[in-house]
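J.: Attaching a single structure in structure tokens format; questions to follow.
Just so you know, all these numbers are worked out from the coordinates, no wet-lab data involved. Not measured: the values here are computed from a predicted model. Positions of Cβ are generated from backbone atoms using ideal geometry, with glycine treated the same way; all protein chains shown enter the neighbour counts.
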Amino acid sequence: MNEVRISTQNIVKKLMTTYPDQNEFRKNIIVDTAKSMGYRSPDFVPLIQKDSRVKIGTYDLSNVIEMVRPTLSTVEPELSPDVAKMQSIVNEEKSFAKIDPTFVPWGSFNDVVKIIKSEMFYPVYISGLSGNGKTFMVEQAAAKLNREFIRVQINPETDEDDLLGGFRLINGETVFSKGPVLKAMENGAILLLDEIDRATNKIMCLQGILEGKPVLVKKTGETVTPASGFNVIATANTKGKGSEDGRFTAASIIDDAFLERFTVAVDQQFPSVSVEKKIVINHMKKFNLVDEDFAENLVNWADIIRKTFYDDGVDEVISTRRLCHIVQTFSIFNDKMKSIDLCIARFDDDTKLAFLDLYTKVDQGVTFDEPTTDEPTTEDTDVNF
């Protein structure tokens with residue numbers, strides 16, 4: 001294969017980035033990849049010739065791969081003629097978060113509201129342990145201001161197609177369907193990139209967008225300019241440097257140049273005991289179940305465990321979300337200890353038994369060496385249970 005057209009090279013580049021350690025490909029993988037890029041038979045047929053077939057339906061692309069490898073980092077310079085004429089579409093339906101009457105404002109909520117209300121482009125990175133209300137806070141800030149809210153759940157497979165858009169077959173025609181990021185830009189919406197620290201370097205396509213600048217859509221040649229009010233807020237369990245204690249194994253190390261695009265970073269802690277009690281009681285109201293003593297015991301129990309966790313005394317922590325899960329479970333079984341047991345069953349046996357024993361002591365009114373306070377802290381404590 002001496003001469004390879006640019007469209008065919010682009011297909012191979014896509015295969016190389018999607019399957020980096022692979023040289024042999026099934027025919028359906030080659031064809032589907034080509035069609036997802038808007039290419040047709042003349043573009044992918046050279047890759048499924050008899051001389052490259054290693055077995056029925058499987059083709060060795062080693063020769064082409066070696067040919068295009070030096071240019072792998074380059075952006076596809078040409079579109080197929082058909083792509084150049086394609087229509088770009090976007091889902092016109094707007095999404096607005098609803099105000100949740102059980103929400104209790106706390107932490108950085110007022111700051112997030114001020115940032116959104118300013119309608120300035122001001123990217124925010126919010127980190128904190130799982131289950132402490134980061135996503136809910138941003139959602140409710142957007143709801144309070146009646147702003148369009150688009151949430152994208154990030155995972156290791158999230159790529160440019162998921163974020164910016166890709167080719168789709170609609171009514172027998174191939175069109176470019178704009179993704180949630182372009183939709184948020186055009187609508188001036190609040191874009192939430194949830195759990196962004198689970199991403200790979202595939203999200204580097206957002207780097208220019210995080211500067212508030214227009215973005216060139218490579219696949220169509222179209223330039224999308226952000227409308228007034230557009231902003232990006234990201235949530236994460238880590239600060240983008242990976243999980244030092246191994247707690248969040250899927251957390252990745254995010255490129256520092258990417259993180260630098262976020263104007264401010266917020267480290268969200270768990271709420272204070274008094275605030276968390278309001279949260280738990282409000283959650284109880286969802287199930288027509290209000291037990292203030294149970295709510296107080298739960299938050300005091302969680303507070304002691306967190307202090308011990310921060311002091312490296314235990315490996316597990318009770319999140320605000322887990323307290324809400326316990327409340328919901330209690331509404332089903334009407335058994336407090338069973339509800340707690342079921343909701344911490346994923347912990348190892350020693351930890352689970354220790355936590356159950358601690359709750360029993362809290363319920364009995366046992367006092368501890370280090371009383372709970374109204375403010376979350378990471379200072380050393382001497383709590384034994």
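J.: Per-residue HN-Hα couplings for region 34-46, Karplus 6.51 cos²θ - 1.76 cosθ + 1.60 at θ = phi - 60°, whole Hz, x for Gly and Pro?
T.: Karplus-based 3J(HN,Hα) across region 34-46 equals 4, 5, 5, 9, x, 8, 10, 3, x, 7, 9, 4, x Hz.
J.: Hey, got a sec? Which trypsin sites (Lys or Arg not before Pro) in region 207-299 land in a DSSP loop and have at most 14 other Cβ atoms within 10 Å?
T.: The qualifying sites are 218, 247, 286.
J.: So what is the calculated 222 nm ellipticity per residue for the chain, using -39500 (n - 2.57) for each DSSP H run with n of 4 or more, over all residues, to the nearest 500 deg cm²/dmol?
T.: -11000 deg cm²/dmol
J.: State whether region 109-267 is rounded, prolate or oblate according to the following rule on the C-alpha gyration tensor (a ≥ b ≥ c being the square roots of its eigenvalues): a/c under 1.5 gives rounded; otherwise a/b larger than b/c gives prolate, and the remaining case gives oblate.
T.: oblate
J.: How are the alpha carbon pair distances in the chain distributed across 20 Å bins from zero to the largest one, expressed in percent?
T.: Going from the shortest bin to the longest, the percentages are 24, 44, 27, 6, 0.
J.: Something else: What does the extension gain come out to for residue 211 and residue 288, with contour length at 0.36 nm per residue minus their alpha carbon separation?
T.: Between residue 211 and residue 288, full extension yields 23.1 nm more.
J.: Enter the Cα centre distance for the pair region 181-246 and region 1-51, rounded to the nearest angstrom.
T.: Each part's Cα centre sits 29 Å from the other's.
J.: Which residues' amide hydrogens lie under 5 Å from the amide hydrogen of residue 222, considering only partners 5 or more residues apart or on another chain, with H built in the peptide plane?
T.: Amide H to amide H, under 5 Å and 5 or more residues apart or across chains, residue 222 pairs with 217.
J.: Same structure, new question: Going by C-beta contacts inside 10 Å, put 216, 61, 192 in order with the fewest on the left.
T.: 216, 61, 192
J.: As a footprinting exposure proxy, order 298, 289, 323, 129 by other Cβ within 10 Å, with the fewest listed first.
T.: So the ranking, lowest neighbour count to highest, is 289, 129, 323, 298.
J.: Between residue 19 and residue 111, what is the label-to-label distance in nm when each label sits 7 Å out along the Cα-to-Cβ direction?
T.: Each label point lies 7 Å from its Cα, and together they span 4.7 nm.
J.: Would you mind ranking 301, 106 by Cβ crowding within 10 Å, fewest neighbours first?
T.: 106, 301
J.: What are the ³J(HN,Hα) couplings of region 311-320, residue after residue, when phi is run through the Karplus curve with 6.51, -1.76, 1.60 and θ = phi - 60°? Round to Hz, x for glycine and proline.
T.: Values, residue by residue: 8, 6, x, 9, 9, 10, 9, 9, 8, 4 Hz.
J.: Note down the nm distance, to one decimal, between modelled labels 7 Å out along Cα→Cβ at residue 186 and at residue 350.
T.: Each label point is offset 7 Å from its Cα along the Cβ direction, giving 5.7 nm.
J.: For residue 148, what residues show an amide H to amide H distance below 5 Å, using hydrogens built from the backbone and excluding near sequence neighbours?
T.: Excluding prolines and chain starts, which carry no amide H, the hits are 190.
J.: Follow-up. Can you return the lysines within cross-link range of residue 361? Criterion is Cα-Cα under 23 Å, with same-chain partners fewer than 8 residues away left out.
T.: List returned: 277, 278, 307, 336, 338, 352.
J.: Report ³J(HN,Hα) in whole Hz for each residue of region 198-210, in order, from the Karplus equation J = 6.51 cos²θ - 1.76 cosθ + 1.60 where θ = phi - 60°; Gly and Pro get x.
T.: Per residue, the Karplus-derived 3J(HN,Hα) values read 8, 7, 9, 5, 5, 7, 4, 4, 8, 4, x, 5, 5 Hz.
J.: Going down the table (35/202; 144/286; 144/241; 14/218), which pairs top 24 Å between alpha carbons?
T.: Correct reply: 144/241.
J.: How many angstrom separate the Cα center of region 295-362 from the Cα center of region 105-173?
T.: Measuring centre to centre over Cα atoms gives 30 Å.
J.: Amide H neighbours of residue 166 under 5 Å, at least 5 residues apart or on other chains, H built in the peptide plane: list them.
T.: The list, which skips near neighbours in sequence, is 177, 179.
J.: Let me ask another. Stretch residue 200-residue 257 to full length: gain in nm at 0.36 nm per residue minus the Cα-Cα span?
T.: 19.1 nm
J.: If each residue of separation counts as 0.36 nm, what is the full-extension length gain between residue 6 and residue 364 once their alpha-carbon separation is subtracted?
T.: Roughly 121.4 nm would be gained on extension.
J.: Let me ask something additional. How much net charge surrounds residue 234 when only other residues with a Cβ under 12 Å from its Cβ are counted (Lys, Arg +1; Asp, Glu -1)?
T.: +2
J.: Next question. Suppose we flag GluC sites (Glu not before Pro) only when DSSP calls them loop and at most 13 other Cβ atoms lie within 10 Å. Which is the longest uninterrupted stretch of the chain?
T.: Counting only loop sites that pass the neighbour cut-off, the longest clear stretch is 261-378.
J.: Another question about this same structure. Normalised by the residues of region 6-81, what does the relative contact order come to in percent, with Cα pairs under 8 Å and at least six apart?
T.: 43
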